Amino acid sequence: MSPVSIRLRDARILISGLGLMGGSLGLALAGSAGEIVGVDPDGEARRLAVELGAVNATAAGGEISSAAAGAHLVVLAVPLGAMADALAALSPHLAPGTVVTDLGSVKVPLIRELLPLVPPGVAYVPGHPMAGSEVAGMPGARADLFEGANWILTGETHPLVERVIEVAGAQMIRMDAARHDRIVAHTSHLPLMMAAAAAEAALAAHEEDPEAFSLLAAGGFRDTTRVAAGSVPMGVDMCMYNARELDAPLRAAIRALEELHETISRGERGELMARMSKIREALLKARG
């Protein structure tokens, strides 16, 4: 039965990468897919994935060929910088009719890397679920991670991928890859860099007075810096892969901080009030 006509409950799904995203997808699909096989070099991640019920079986190293054999859908859930190697290892074992999708947060450079590695007769569906957590790895995996999230597809779609998105509880949205990268540079990658900068600046106070810092670092600090506590390799990869689109937002943020600093330094309360009020109104409008 071809992947075009196969039902999810009869499908063999291979998830390459049993971290937060891959593990959460396995948990979300548990009981709805015919078989889920997880591939990961980390033995503890493989053990935990089986224990939690995210996958039915796991494989690593020389077992990749048997894991890929008969797969109807392959999901690349490894960090961006590892996706090409993951697909290169799997490609020789994928039969015509197999569908490959990815969960990468940057699309244009990734598509450019992966397309030459897709075997003839294999479909490639670039994707990006807009979901995440500061708890990295398989220990942070949750069955509800994708519920209510937008799942972006930036190329050709496929019924099996659409069904996976539906079962995971996400909303499928079609979008041009370049447009996707431009927007996430502003809404995802810039906030990560801002959170990292805020955390780095504030943590100097922790070194000077750790007791007071622990007492006074309340919700505002935690909310602002939360994303900086997530997976470092994933964060570095997405910023480096999207460096071209991230350049303008970073420069704009630096200018905005400099202007805010000057306003505060001059003691211009009215100007700061007006600017903060304008930002607040725009945020509330954008959030609907």
Q: Name the long-range amide H neighbours of VAL125: under 5 Å, sequence gap of 5 or more, or other chain; modelled H, no Pro or chain starts.
A: VAL100, THR101, ASP102
Q: Tabulate in residue order the Karplus-calculated ³J(HN,Hα) for region 113-128, using 6.51 cos²θ - 1.76 cosθ + 1.60 with θ = phi - 60°, rounded to whole Hz; enter x for Gly and Pro.
A: 6, 7, 3, x, 8, 7, x, x, x, 9, 8, 10, 10, x, x, 7
Q: Report, in deg cm²/dmol and to the nearest 500, the calculated mean residue ellipticity at 222 nm for the chain, where each DSSP H run with n ≥ 4 adds -39500 (n - 2.57) and the sum is divided by the residue count.
A: -15500 deg cm²/dmol
Q: Starting at the first residue of region 69-79, write each ³J(HN,Hα) from the Karplus equation 6.51 cos²θ - 1.76 cosθ + 1.60 with θ = phi - 60°, in whole Hz, x for Gly and Pro.
A: 4, x, 5, 8, 9, 10, 10, 8, 10, 8, x
(Q) Can you work out the Karplus-derived ³J(HN,Hα) for every residue in region 13-22? Use 6.51 cos²θ - 1.76 cosθ + 1.60 with θ = phi - 60°, whole Hz, and x for glycine or proline. (A) 10, 10, 10, 8, x, 9, x, 4, 6, x
Q) Out of [x] 1, 5, 10, 13, 13, 13, 11, 9, 7, 6, 5, 4, 2, 1, 0; [y] 1, 5, 9, 12, 11, 9, 7, 7, 7, 7, 7, 6, 5, 3, 2, 1, 1, 0, 0, 0, 0; [z] 1, 5, 11, 14, 17, 15, 11, 8, 6, 5, 3, 2, 1, 0, 0, which label holds the value of P(r) over Cα pairs in 5 Å bins from 0, in percent that was computed here? A) [z]
Q) So, counting K/R as plus one and D/E as minus one, what does the shell of residues with Cβ under 13 Å around PHE213 add up to? A) -3
Q. Which longest run of the chain has no exposed loop site in it, a site being GluC sites (Glu not before Pro) in a DSSP loop with at most 13 other beta carbons within 10 Å, and the site itself not part of the run?
A. 1-146
Q. Any idea what the dipole of region 140-288 comes to, in debye rounded to 20, about its Cα centre with Lys/Arg Cβ at +1 and Asp/Glu Cβ at -1?
A. 560 debye
Q | Residues with amide H under 5 Å from that of TRP151, placed H, sequence gap 5 or more | A | MET130, GLN171, MET172, ILE173
Q | Selection from PRO191, VAL55, VAL167 lying farthest towards where the dipole of the chain points positive, charges on Cβ | A | VAL167
(Q) I'd like the per residue volume of the convex hull spanned by the Cα atoms of region 213-288, given in cubic angstrom. (A) 152 Å³
(Q) Can you say what percent of the DSSP beta bridges in the chain, counting only those with both residues inside, are antiparallel? Round to 5. (A) 10 percent
Q) Local charge sum around LEU110 (other residues, Cβ-Cβ under 12 Å, Lys/Arg +1, Asp/Glu -1)? A) -2
Q. Over the chain, what relative contact order in percent results from Cα pairs under 8 Å that are six or more residues apart?
A. 16 percent
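Calculate the dipole size of the chain relative to its Cα centre from +1 charges on Lys and Arg beta carbons and -1 charges on Asp and Glu beta carbons; express the result in debye to the nearest 20.
Value, rounded to 20: 920 debye.
Here, each number is a calculation from the coordinates, and none is a lab measurement. Everything numeric in this text was worked out from a predicted model, so none of it was measured. Every residue, glycine as well, gets a Cβ built from its backbone with ideal geometry; the counts of neighbours run over all protein chains shown.
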